[in-house]
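Inspection log for the structure reproduced underneath, given as structure tokens.
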Amino acid sequence: IDDAEGKVLYVWFDAPIGYISSTKQWALEHGKDWEPYWKDPGTKLVHFIGKDNIVFHCIVFPAMLKAEGSFILPDNVPSNEFLNLEGDKLSTSRNHAVWLDEYMTDFPGKQDVLRYVLCANMPENKDNDFTWKDFQARNNNELVATFGNFVNRVLTLFQKYYDGLYPLDTLAVDPELNVEEHIRKFGSFLEQYQFRFALAEVMNIARKGNEYLASKEPWKLIKSDPEAVQQILCRCLELVYILGVTSKPFLPATANKIASLLGLDPAELKFDLDVKRGAEKIITIHHHFPKGHRLQKPSLLFEKIEDDPIQAQIDKLRNKAEPAGDPIKPTINFEDFVKMDIRTGTILTASKVEKADKLLQFTVDIGTEKRTILSGIAEYFKPEELIGKQVSVLANLAPRKIRGIESQGMILLAEDAGGKLVFAVPEEKVNNGAMIS
């Protein structure tokens, strides 16, 4: 910009514009008007962020919107803490991460398992840790043994006793299977953006269903009181429907499968909102199957994950985070090693080589003389930062012309686990020209 030399635009003044422009692009591609999403007073704007962005989304961005005048402000800014991975910070540069494409290859069809574990362990009010052992335990103990087990038992009994047909005209209420409080809490937590607690209520409903089946034991009653069994199992089927509705925001693929097993269209899995108790919105779920409605044959929603694939993920993560490095070069004799003259030196001058993006030119004092040395490290260091730095120099390397400049040695560096270059230097400062052996 003219007359703005030396000025910079703070990224958090520029970045929020991207939220608006991406909405514009989406609206353009889908034939919609973008303005109601950002300007209509009736629109509820919510920012979901991490805790390190609180200042920007609660002060900087709203101040910009308010100053402009025509934009609405965020209604709420739910902020999560940090999620670690196996006791360490997530790091894409160190490859200490779980990559979605790799996950879907290693665990095909288990996208909802990852969704469930991430949400059940969401760091809503404190930092949390994702571990593969916890992933396995939650899948096996909660999704398989609790949620999936209940759905499968109910549908299996329907096939066994009624050939998959709903047998009743009228369903009586049983206070022992009252899950209204769990549904109320589920809705309340959703309204407060406390998704981890909302998901916990879904699992509580599944536990309630398992407890009810275990206490009623319809497989024992079927001969002595078949009408009671009809009521028990039809109540449980309604509970399966409720699980489909409440799991839908978190486990969409599972909810669709439940709808299919129930002989329903996924769009039929829905709840109603009743405004009660002041401004509180109460979720209610109503569904009764007509007599003769056909259910599909049961199939498992989830499957147990064994130890081997979990250990493979742990090993893969460890291997990624701790790269083996370059292979050892062919063995040399001691006589070959002593031929190398490695000395300490101090960088006196440093500058970029013209028309060479990667090259830096140094003048290095190696005690007996001053050498010109070129090194391809310009993308890692600024020249002015290196002046006065002590380095290790391979002093008897044959000179080599690079870009018309004779380089008289080599500065030694190493690469850390994150790909960062570090200078190989003695622990304590020594005189220039000191030999390293």
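Every read-out reported here was derived from the displayed coordinates using simple, explicitly stated rules and does not represent laboratory data. These numbers come from a predicted model, not from an experiment. Heads up, the Cβs are rebuilt from the backbone with ideal geometry, glycines too, and the neighbour counts pull from every protein chain shown.
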- Task: Using the 2.2 N^0.38 Å rule of thumb for compact globular proteins, work out how segment 64-143 stacks up: its C-alpha Rg over that value, please.
- Result: 1.47
- Task: On a 0 to 90° scale, report how tilted helix 307-321 is relative to the longest principal axis of the chain, with both axes built from alpha carbons and the result rounded to the nearest 10.
- Result: 30
- For the chain, what is the charge dipole size about the Cα centre, in debye to the nearest 20, if Lys and Arg each add +1 at the Cβ and Asp and Glu each add -1 at the Cβ? 360
- Task: Apply the Kirkwood formula to the chain: the hydrodynamic radius equals the inverse of the mean of 1/r over all pairs of different alpha-carbon atoms; give it in Å with one decimal.
- Result: 28.2
- Task: Provide the packing ranking of 393-406, 31-44, i.e. peptides ordered by the mean count of other C-beta atoms within 10 Å per residue, highest first.
- Result: 393-406, 31-44
- Message: Can you give me the orientation-averaged projected area of the convex hull built on the Cα atoms of segment 175-276, in nm²?
- Response: 7.3
- Note on the structure: HN-Hα couplings for segment 288-295 via Karplus (6.51, -1.76, 1.60; θ = phi - 60°), in whole Hz with x for Gly/Pro, come out as 9, 6, x, 4, x, 4, 9, 9
- Once both label points are put 7 Å beyond Cα along the C-beta direction, the residue 385-residue 316 separation in nm becomes 3.4
- Query: For residue 191 and residue 267, FRET efficiency with R0 = 22 Å and r from the beta-carbon atoms, rounded to 0.05?
  - Reply: 0.45
- Relative contact order (percent, whole number), the chain, Cα cutoff 8 Å, 6+ residue spacing: 12
- Message: Show me the ranking of peptides 120-126, 137-143, 84-90 by mean Cβ neighbours inside 10 Å, starting with the highest.
- Response: 137-143, 120-126, 84-90
- Task: Please list, or write none, the lysines whose alpha carbon is within less than 28 Å of the alpha carbon of residue 110, excluding same-chain residues fewer than 8 places away.
- Result: 89, 126, 133, 185, 208, 248, 257, 270, 297, 304, 316, 320
- Proximal lysines relative to residue 358, as straight alpha-carbon distance under 20 Å, when same-chain residues fewer than 8 apart are discounted: 382, 389, 401, 420
- Item | Percent of Cα-Cα distances greater than 20 Å, calculated over segment 278-437 | 68
- With -39,500 (n - 2.57) per DSSP H segment of 4 or more residues and division by the full residue count of the chain, the 222 nm estimate, nearest 500 deg cm²/dmol, is -11000 deg cm²/dmol
- Item | Distance in nm between pseudo-label sites at residue 46 and residue 413 (7 Å out along the Cβ direction from Cα) | 4.7
- Task: Return the FRET efficiency for the residue pair residue 296, residue 170: r is the Cβ-Cβ distance, R0 is 25 Å, and the value is rounded to the nearest 0.05.
- Result: 0.55
- Packing-based ranking, highest mean first, of 199-207, 297-305 given that Cβ atoms within 10 Å are counted: 199-207, 297-305
- For segment 1-58, what is the per residue volume of the convex hull drawn over the alpha-carbon atoms, in cubic angstrom? 141
- Once you treat every alpha carbon in segment 338-403 as an equal point and sum by Debye, what is log10 I(q)/I(0) at q = 0.12, 0.26, 0.29 Å⁻¹? -0.30, -1.21, -1.35
- Message: With only alpha-carbon atoms in the gyration tensor, what are the semi-axes of the equivalent ellipsoid for segment 358-437, in Å, largest first?
- Response: 18, 18, 12
